């Protein structure tokens, strides 16, 4: 039930891996699609939970530098890293912070993500940012055909789904309590029409997902006979809201979210200069993290 509910929400693979994630990202975009993102990823420290046979439990503080290295090596589209740090929080979770520079937003993806959900494109009026949560179905997975159910069968399926939700909800509350995705985009231009996002005081746009809010949407869905019946008729037989229902209930828009900018587009910073500086500082940064004193991690650059 845990994974199916997360999939129904259409979250990225980053959430599916372990739950209890907090992701904070602040993107600064240039007109050509290059930019930087300051981020913090908080996740369960899996290495600290594992105890070798006959051995002592690993020290999370000693394991954390390896987690940073793994994070960097598994990410794609990053030209340089800066200000990387790692710490173990009081509750035992691991916090990885840093700044990633990318030459193409569309090619950027962090560890645990199959692809970036944000796209930027210039147009004759300025430019448009689009953001959409990943679909819960693989492109190669067979799609469910609409179900031909009688009213009696629909009623039975609704009853079954509600019983399952009642049993699973206490567990889900524990899993989703600390899940949060907070993403802000600072765009190159004057902000125009915005759909789905909320506007920030600094002229950017923000996407905020809360696990607690999702549980409220699930309760709303489970109490709605019409919505559940429509989902079943579409082929959903597990008592899950579809993507459109979830996004509309949580954000007031089905997606993709859009933010348009107008007027003259100017770079927010000198990309090449900052990347060069970050690359020069990386060896010392990695030594301090004890993650790459002997060998610098291979950075997967955009092509």
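The values are calculated or read from the model by the stated rules, or taken from the named source; none is laboratory data. Computed from a predicted model, the values in this text were never measured in an experiment. Virtual Cβ from ideal backbone geometry, glycine too; neighbours counted across all protein chains shown.
Descriptive notes on the structure:
- If you go through the stretch 103-116 and keep only what is buried (at least 19 other Cβ atoms within 10 Å of the Cβ), out of contact with any strand residue (DSSP E or B) (no Cβ under 6 Å at 6 or more places or on another chain) and at pLDDT 85 or above, you end up with 103, 110.
- In the set 224, 242, only one residue is closer than 30 Å to residue 149 by Cα and touching a residue at least 24 places away in the same chain (Cβ under 8 Å); that residue is 242.
- Cross-chain or 6+ apart pairs with Cβ under 8 Å, the stretch 278-296 first and within 14 Å of residue 79 (Cα to Cα), then exposed (fewer than 13 other Cβ atoms within 10 Å of the Cβ) and modelled with pLDDT of 85 or more: 296/283
- The stretch 118-136, residues that are buried (at least 17 other Cβ atoms within 10 Å of the Cβ) and within 27 Å of residue 273 (Cα to Cα): 118, 120, 126, 127, 128, 129
- Yes/no for residue 219 being surrounded by fewer than 16 Cβ atoms within 10 Å (Cβ to Cβ) and either over 30 Å from residue 83 (Cβ atoms) or in contact with a strand residue (DSSP E or B) (Cβ under 9 Å, 6 or more places away or on another chain) (or both): yes
- Restricting attention to the stretch 245-275, the residues that are without any contact (Cβ under 8 Å) to a residue 60 or more places away in the chain and either within 18 Å of residue 205 (Cβ to Cβ) or over 22 Å from the mean Cα position of the chain (by Cα) (or both) add up to 8.
- Condition met for residue 170 (surrounded by fewer than 18 Cβ atoms within 10 Å (Cβ to Cβ) and either part of a helix (DSSP H, G or I) or over 22 Å from the mean Cα position of the chain (by Cα) (or both)): yes
- Answer from 134, 141, 177 - the residue that is at pLDDT below 85, farther than 30 Å from residue 280 by Cα and more than 18 Å from the chain's Cα centre (by Cα): 141
- Matching residues in the stretch 77-90 - criterion: being surrounded by fewer than 19 Cβ atoms within 10 Å (Cβ to Cβ) and either closer than 30 Å to residue 271 by Cα or at pLDDT below 80 (or both): 82, 83, 85, 87
- Residues that are assigned to a strand (DSSP E or B), free of Cβ contacts under 8 Å to residues at least 60 places away in the same chain and over 23 Å from residue 241 (Cβ atoms), drawn from the stretch 182-217: 199, 206
- Odd one out for residue 282, checked against (1) more than 19 Å from residue 98 (Cβ to Cβ); (2) surrounded by 14 or more Cβ atoms within 10 Å (Cβ to Cβ); (3) at pLDDT 90 or above: (1)
- Qualifying residue in the stretch 241-248 (condition: surrounded by fewer than 18 Cβ atoms within 10 Å (Cβ to Cβ) and modelled with pLDDT of 85 or more): yes
- Of the residues screened, residue 196 is one that is surrounded by 19 or more Cβ atoms within 10 Å (Cβ to Cβ) and in contact with a helix residue (DSSP H, G or I) (Cβ under 6 Å, 6 or more places away or on another chain).
Yes/no matrix, rows are residues, columns are (1) at pLDDT below 60; (2) outside any strand (DSSP E or B); (3) touching a strand residue (DSSP E or B) at 6+ places or on another chain (Cβ under 6 Å); (4) buried (at least 20 other Cβ atoms within 10 Å of the Cβ):
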residue	(1), (2), (3), (4)
40	no, no, yes, no
53	yes, yes, no, no
62	no, yes, no, no
65	no, yes, no, no
